[in-house]
Amino acid sequence: MIGAFAVTFLKLASNEYKAAVRSTLYSSTLNLAESGVEICIQQLSDGTISGASTGVVSVSNYLVDEAYSGDIKAIVLNPSSSTPTIYAEGVISGHPGGDVVKQVRVDIKAGFFPFESGFAAVNGIVFNGNNVTLDSYNSNYGAYNEYNPVTVPDDYGVANANINRSDNIVASSDNINTAVGAVINIGNGDITGNANVSEGNTINVGAQGSITDIYGNGQTTRDDFYADFPIVDTTNSVDVSLGAITNGTIIIGETDPSLPAKVVSIDSIRLTGNTDALYIVGNVEIQMSGDLSLSGGIFLMDDNTGYAVPVGDLGRRDTYAGGSITADMFNALSATERAALTSWNGDSAATIYTADDVTIAGNGVSNPSGLPENFKVFGTAADSYSGDDEVASQTIKISGNGELYSAVYAPNADVEVKGGGRAGEVMGGVVGFTATMTGNGNFHYDEALASIQLGGGNYTITSWLEMTGETNDTKPWDLSAY
């Protein structure tokens, strides 16, 4: 009898041991499936998986441990789209009870959306000025705060008001060099929207400051922000090299809207006089290899500019929006460029890539289209450290000519933006190492910028689901056919 009990006990102990081992293997199998997801993302990023066909990953003996071996099988559906789907399966063989299998479904998106929050920083946001206000609008609906029952939806902003103003901005900042602290300092400013800081950090709101929704109700702030802003640079080939610019210059970009921007390489731009400016005609991408410093400003020229082209007297100047085009500047153009200048009938646009400092003051940036997307600055400087602390590695300061319409993405730069005049307005989006709003004006986030998607080789996970088979949504995908 004692022997029978002993045998039964040993069988129970053995079964419990096997069950415990199998439970451990389930965890390992899930890790295998997740490794399959990582392999798929890597192969999407480096182009190993591409095109319209379903991508397949199969790795035998990815994990080998004594009597057990682990295999990975995964597929990528719609790999050429911006939103592929991955089914990844881990299989561990060698257990007496049979193979242990786990499968996951992961939806991913290509690239990232740099301006989805509106006003963001890696290491702090400061509002310098009296009663600075942050809110949002959508340039697809027209001008900021404009009443338009045709273009502004009834459910936008204040219900049924049809006014182009809302609260879809999230002032967001991390704090990478200290454990805790106030990383958003709005003083007596007002955020009509939301604020989000990293865990443990705080928002400093002055006695007259506030964070509310569009109706004036108090908003709940969050502390789960994490600054993950990769450097964005351009790989486009250069069409024209202009060297160093030290005098007022006209740049003729691509004037055919169906074609990509003309790519212009510039060593540096130093225009110190208030009448020396940079004039942009058409669509241009500027790749800087040195500092950009202008007192005369940048003018994006459109068909409503009303500028007159000097053709006779070389000493004559024709004023345009506070700047001036000289005959010397006009005569420096080729015949084709002169024709493009005189016949231009669209909105001009400029995108600047630079790892160096940018200062645009004086007349600032004149962007008559009223579209922030038409003047974008990408700071491409690499990470920089002072001791153990990460610090900004470039400075970008941009002012507007009355109103500034611009988008700045420079995660390693101290970024400062301000409108011109006594109460200049800034419309657009900002991402910086630090972000500062200067002056007595206001910042209006253009929600249209949220759709800008960058970095096609970078993928982020949008959803993760274990395929347990318990519901129709979690029914495992049959990978045996691949």
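The values are calculated or read from the model by the stated rules, or taken from the named source; none is laboratory data. Small disclaimer: the values here were computed from a predicted structure and weren't measured. Virtual Cβ from ideal backbone geometry, glycine too; neighbours counted across all protein chains shown.
Can you give me the ranges of the strands (runs of 3 or more DSSP E) entirely in the range 388-482 with at least 1 residues that are within 22 Å of residue 195 (Cα to Cα) and touching a Ser or Thr at 6+ places or on another chain (Cβ under 6 Å)?
Numbers: elements: 389-391, 394-400, 403-418, 425-438, 443-446, 454-466.
Result: 403-418, 425-438, 443-446.
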Conditions (1) buried (at least 19 other Cβ atoms within 10 Å of the Cβ); (2) modelled with pLDDT under 90: number failed by residue 322: (1)
Checking residue 77 against (1) touching a residue at least 24 places away in the same chain (Cβ under 8 Å); (2) farther than 30 Å from residue 433 by Cβ; (3) touching a strand residue (DSSP E or B) at 6+ places or on another chain (Cβ under 9 Å), the condition it does not meet: (1)
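A quick yes/no check of all residues on (1) surrounded by fewer than 20 Cβ atoms within 10 Å (Cβ to Cβ); (2) over 25 Å from the mean Cα position of the chain (by Cα); (3) at pLDDT 90 or above:
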{"site": "171", "(1), (2), (3)": "no, no, yes"}
{"site": "197", "(1), (2), (3)": "no, no, yes"}
{"site": "248", "(1), (2), (3)": "no, yes, no"}
{"site": "251", "(1), (2), (3)": "no, yes, yes"}
{"site": "256", "(1), (2), (3)": "yes, yes, yes"}
{"site": "264", "(1), (2), (3)": "no, no, yes"}
{"site": "277", "(1), (2), (3)": "no, yes, no"}
Single residue of the range 45-78 satisfying the filter (among the acidic types (Asp, Glu) and surrounded by fewer than 13 Cβ atoms within 10 Å (Cβ to Cβ)) that is nearest to the chain's Cα centre (by Cα): 46
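Each row is one residue, and each column tells you yes or no for (1) touching a Lys or Arg at 6+ places or on another chain (Cβ under 9 Å); (2) surrounded by fewer than 22 Cβ atoms within 10 Å (Cβ to Cβ); (3) within 26 Å of residue 355 (Cβ to Cβ).
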{"residue": "397", "(1), (2), (3)": "yes, yes, yes"}
{"residue": "424", "(1), (2), (3)": "yes, yes, no"}
{"residue": "448", "(1), (2), (3)": "no, yes, no"}
{"residue": "462", "(1), (2), (3)": "yes, yes, no"}
{"residue": "469", "(1), (2), (3)": "yes, yes, no"}
{"residue": "480", "(1), (2), (3)": "yes, yes, no"}
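Matching residues to (1) among the basic types (Lys, Arg); (2) under 17 Å from the mean Cα position of the chain (by Cα); (3) assigned by TED's automatic domain parsing to the domain that holds residue 79; (4) closer than 19 Å to residue 278 by Cα:
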{"position": "372", "(1), (2), (3), (4)": "no, yes, no, yes"}
{"position": "399", "(1), (2), (3), (4)": "no, no, no, yes"}
{"position": "410", "(1), (2), (3), (4)": "no, yes, no, no"}
{"position": "418", "(1), (2), (3), (4)": "yes, no, no, no"}
{"position": "479", "(1), (2), (3), (4)": "no, no, no, no"}
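What do you reckon, is residue 81 assigned by TED's automatic domain parsing to the domain that holds residue 464, under 40 Å from the mean Cα position of the chain (by Cα), in a strand (DSSP E or B) and polar (S, T, N, Q)? Steps first, please.
Details: assigned by TED's automatic domain parsing to the domain that holds residue 464: yes; under 40 Å from the mean Cα position of the chain (by Cα): yes; in a strand (DSSP E or B): no; polar (S, T, N, Q): yes.
Judged against the criteria, residue 81 is not a match.
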Scope the range 223-241; condition farther than 18 Å from residue 114 by Cα and in contact with an Asp or Glu (Cβ under 8 Å, 6 or more places away or on another chain); matching residues: 223, 236
Strands (runs of 3 or more DSSP E) contained entirely in the range 111-156, each with at least 3 residues that are buried (at least 18 other Cβ atoms within 10 Å of the Cβ) and not small (Gly, Ala, Ser): 125-128, 133-137
Matching residues, the range 244-267, being under 21 Å from residue 400 (Cα atoms) and of a type outside the set (Val, Ile, Thr): 247, 248
